[in-house]
Amino acid sequence: MDWKWIDPQMAEQGISLLRHLVEQGYEGYFVGGCVRDELMGRPVNDMDIATNATPEQVMALFEHTIPTGIAHGTITVIMNGEHFEVTTYRTESDYTDHRRPEQVQFVSDLYEDLRRRDFTMNAIARGIDGSYVDPFHGREDLEQGIIRCVGDPEERFEEDALRMLRGIRFSAVFDFTIEKATWQALLHRRSLISYIAAERIRVEMEKMIAGPHPFKGIRLLQESELVPYMKIQVPCPPKQPELLNRLADVPASPAALRWTLMIMALGLDSDRMKPYMKEWTFSNAFMDQVSRLLRMNDRLLTASAAGESLYEIYVSAVIDYGCEAALQWRQLYPVLPEQEQRQLAVAAQHAQEWLDGMSIFGLGDVQINGQEILAALQAKGGPWLGKLMNSILLAAATGQLDNEREAILEYARQRYEERED
Ligand code: ATP
Ligand code: MG
């Protein structure tokens, strides 16, 4: 009866929500991901509820509600600060273009609601007393680690082609097997994935890559041959496929780590990855993180190949790409191609110490600004000033120059006299 894998506060509020529904003469069940995850012993983050009360009735029954998706029957109910999505039993129909349904019909029967769900493990309802409604034997499939469509898999994939990718994602994240008829139908209907918007694909891919077995997902994607039909482009075959096998060896968070490794495996650099990531609908902020990480690595590799001092290059890379990228680069290093690891071993060994030794990280930290330097030198601005400021920053960051007015002015004077432009 207890929920072991959920914040007790949330479980308590969820149960009192169901109790209120039942006391008012309605049905209410926990459904979907929360029931599945609890049965699997995985942390549950949110609790979805299904009821035969209409959205209007739900809004009338509870004090704090938000009509989140009222047209589809979903009301958010807030109980003591905890949010729950409460959805009226419904069926879906009129799937246009193999995507989400145009129409939903509210129904009075829980069975009908469970029947529209994608996989048996996602079609289990759990009542207030801990009893289950499990008409498709989802618990048995869960125990055996099987992903099976509810009903006829061909029909289910035809209705909503995203389910194919969800199936692969669940199989990868849980290390489950896709049941034979489900897999056959997936192969048979794979071209329908072309109807699915890039954003929905990206969301599934993100979950897959962040899970414990990302490589399994990639293998299934390859075997399914879904990728060539997707709206999003993927450069195939990957240039360094062996890197894909190492995804699980880097932390899943921040997500930029694994995605940077993916981009490297595909053989893209920070410029060439941008059109792809845009098409995949990644945010600019995320693209920027990946780009900094790629460029940090490239900068170090180029310097190492040219025999330059990795120390100065490292410090200048930290200045240009930020501490966050520097910390992430250290996490990425152990999975880089062996050749790159050898080239960058010194940087990886000393990165922490070098970073700790930096007391300034940007022009804003320099004790004197460009205007003040111009005034002191009685000089006119020009491109030389920007270069000078950067060299002051690097010299101060590497400890060759004290970050102190007089010392900096002295350094500036000398450089000004030696300048060429
Ligand atoms: P997670 O949140 O861990 O990704 P989930 O199963 O909770 O997994 P959601 O997308 O949150 O996935 O969906 C909640 C429930 O809604 C699912 O458990 C399933 O019952 C149903 N569902 C979601 N997407 C579909 C779909 N495309 N077709 C049919 N049912 C779906
Ligand atoms: Mg969910």
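The values are calculated or read from the model by the stated rules, or taken from the named source; none is laboratory data. Worth saying up front: this structure is predicted, and the values here are computed from it rather than measured. Neighbour counts run over all protein chains shown; Cβ positions are idealised from the backbone, glycine included.
Examine the range 314-331 for a residue that is assigned to a loop (DSSP other than H, G, I, E, B) and farther than 30 Å from VAL203 by Cα, and state whether such a residue exists. There is no residue in the range 314-331 that is assigned to a loop (DSSP other than H, G, I, E, B) and farther than 30 Å from VAL203 by Cα.
Of ASP46, ASP37, all but one fail to be closer than 28 Å to LYS207 by Cβ, within 11 Å of ligand 1 (Cβ to nearest atom) and touching a strand residue (DSSP E or B) at 6+ places or on another chain (Cβ under 9 Å); the exception is ASP46. Applying a threshold of 6 Å to beta carbon distances and a minimum spacing of six or more residues, or different chains, the list of pairs starting in the range 262-274 at a residue that is in the same structural domain as PHE286 (by TED's automatic domain parsing) and ending at one that is outside any helix (DSSP H, G or I) reads ALA265/PRO238; ALA265/GLN240; LEU266/PRO235; LEU266/PRO238; GLY267/LYS239.
Scanning the range 10-19 for residues that are surrounded by fewer than 20 Cβ atoms within 10 Å (Cβ to Cβ) and closer than 20 Å to THR54 by Cβ yields a total of 1. Inside the range 20-58, residues that are among the charged types (D, E, K, R), out of contact with any Gly (no Cβ under 8 Å at 6 or more places or on another chain) and surrounded by fewer than 17 Cβ atoms within 10 Å (Cβ to Cβ) make up a count of 3.
Let's see how each residue does on (1) surrounded by fewer than 16 Cβ atoms within 10 Å (Cβ to Cβ); (2) in the same structural domain as VAL315 (by TED's automatic domain parsing):
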position: ALA347; (1), (2): no, yes
position: GLN371; (1), (2): yes, no
position: GLN378; (1), (2): yes, no
position: LEU385; (1), (2): no, no
position: LEU393; (1), (2): no, no
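Selection of the range 97-131 for residues being within 16 Å of ligand 2 (Cβ to nearest atom) and assigned to a loop (DSSP other than H, G, I, E, B) yields ARG100, ARG116, ARG117, ASP118, ALA123, ILE124. The strands (runs of 3 or more DSSP E) falling completely within the range 1-96 that include 3 or more residues that are assigned by TED's automatic domain parsing to the domain that holds ARG115, over 22 Å from VAL133 (Cα atoms) and away from ligand 2 (no atom under 16 Å from the Cβ) map to 65-69, 74-79, 90-95. Just one of the listed residues (LEU393, LEU377, LEU344) is at pLDDT below 95 and touching a helix residue (DSSP H, G or I) at 6+ places or on another chain (Cβ under 8 Å), namely LEU377.
Condition test on ASN403, is it of a type outside the set (Asp, Glu), surrounded by 14 or more Cβ atoms within 10 Å (Cβ to Cβ) and outside any helix (DSSP H, G or I)? Yes. Of all residues in the range 399-421, none that is outside the structural domain of ALA376 (by TED's automatic domain parsing) and under 22 Å from SER359 (Cβ atoms) has its Cβ atom under 7 Å from the Cβ atom of a residue that is surrounded by 12 or more Cβ atoms within 10 Å (Cβ to Cβ) and among the aromatic types (Phe, Trp, Tyr), 6 or more apart or on another chain.
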